[in-house]
Amino acid sequence: MTVRLDGKPVAEATDRRTRDAIRDRPGAPTPTLASVHRDVDSPFRFYVRRQRSAAESLGIAFREVSLGPDDPPAALRDRMRSLDDDPSVHAVLLEHPLPDPLDFFAAISSVRPEKDVDGVGAANLGRLVAQRPTHIPAVARAAVAIAQHYRLPIEGVPVTVVGRSETVGLPLALCLAARRTGMNATVTLAHSRTTDLARALAGATTIFSCVGRPGFLDRSVVPEGAAVIDVGLSSVPDPAARGGSRAVGDADAVSLDGWAGALTPVPGGVGPVTVAELMSATVRARDLQAATGGSS
Ligand code: NAP
């Protein structure tokens, strides 16, 4: 039997802690998250809607900052600078990837690390490598939170992360390999140049898939009994679905059913936990700035 690793109870537990953290500081400024995104239809827009509704339900102020479809790099730079300078904004999230000539990494790295709430700027990634992070990407925290909630073996055992982007797979691999109780995993990092994926996955007790290719992981490569945390999120056409498309993960759920030991569903797995982790990090960002005198 393949156990379904539902994200909902994990997200609810994170939200409870976030509410407590807000309640514990009644006189503190309202935690405020600014989400910067292009004013075009993109998968990120769906994520922004989820951010807004999560923020509103938790008492976090949410500001959308739109970039025009033809905004030049200087306009992005100015927006990031003004959010960085604004003491009422505690957390800044920037859509990625951004099209050329906009430089996502340069833009997010221009924000102070306490406000880079998704931990993807140069300072926070460097701190993650040095194991002194300010913020860790919400998606990496979410994948780890699910593994911990369902008590999947991590400590000392072989796990494989598939996908090595600087915003998802690589930080997740660093988290899993960190010298920290509950982590200390023996991590294999696979990617598009991996010559034998089945071999990279063989022996893994847990597989974290961060690729973005629908149905890519099936029983031809996943070892029997392994747990699969499906971080991948793609949209596929489906005339029967509202809006004509539906969200799918990297895992071929039909092939893995009865084969994998456990699997996160898509939707309803890593996605809701990522949003909950982002909200939690926003409150932490406010508290960090209050502690360093950088908040209003
Ligand atoms: P990305 O930048 O496109 O990176 C994809 C990674 O997959 C790359 O490292 C790539 O390898 C690797 N890859 C591509 N084809 C492969 C193959 N055939 N075999 C092995 N590895 C392969 O994407 P991303 O931004 O990291 O996002 C990854 C997925 O996570 C996407 O589906 C995204 O939507 C999803 N995501 C989900 C959440 C959530 O909350 N659930 C949050 C963020 C992202 P190379 O490095 O060699 O190119």
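What the table below lists for this structure:
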{"read-out": "Members of region 27-55 that are surrounded by fewer than 15 Cβ atoms within 10 Å (Cβ to Cβ) and under 15 Å from Val117 (Cα atoms)", "value": "none"}
{"read-out": "Checking Val221 against (1) touching a strand residue (DSSP E or B) at 6+ places or on another chain (Cβ under 8 Å); (2) surrounded by fewer than 24 Cβ atoms within 10 Å (Cβ to Cβ); (3) not basic (Lys, Arg), the condition it does not meet", "value": "(1)"}
{"read-out": "Among residues of region 1-52, those that are acidic (Asp, Glu) and within 16 Å of Leu98 (Cβ to Cβ), counted", "value": "2"}
{"read-out": "Test: Val92 is touching a residue at least 40 places away in the same chain (Cβ under 8 Å) and outside the structural domain of Phe208 (by TED's automatic domain parsing)", "value": "yes"}
{"read-out": "Residue count for region 126-173, restricted to those that are within 14 Å of the chain's Cα centre (by Cα), more than 13 Å from the ligand (Cβ to nearest atom) and within 26 Å of Thr195 (Cβ to Cβ)", "value": "0"}
{"read-out": "Residues within region 190-238 that are among the aliphatic types (A, V, I, L, M), near the ligand (Cβ under 9 Å from one of its atoms) and in contact with a helix residue (DSSP H, G or I) (Cβ under 7 Å, 6 or more places away or on another chain), tallied", "value": "3"}
{"read-out": "Candidates Asp85, Asp78 - the one that is without any contact (Cβ under 8 Å) to a residue 40 or more places away in the chain and either aromatic (Phe, Trp, Tyr) or closer than 20 Å to Thr134 by Cβ (or both)", "value": "Asp85"}
{"read-out": "Subset tally (residues that are surrounded by fewer than 23 Cβ atoms within 10 Å (Cβ to Cβ) and touching a residue at least 12 places away in the same chain (Cβ under 8 Å)) for region 139-162", "value": "11"}
{"read-out": "First in region 239-261 and assigned by TED's automatic domain parsing to the domain that holds Ile207, second anywhere and within 15 Å of the ligand (Cβ to nearest atom) and aromatic (Phe, Trp, Tyr), Cβ under 7 Å, 6 or more apart", "value": "Asp250/Phe216"}
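The values are calculated or read from the model by the stated rules, or taken from the named source; none is laboratory data. As the structure is a computational prediction, the values presented were derived from the model and not from experiment. Quick reminder, even Gly has a Cβ in these numbers, built from the backbone with ideal geometry, and neighbours come from all protein chains shown.
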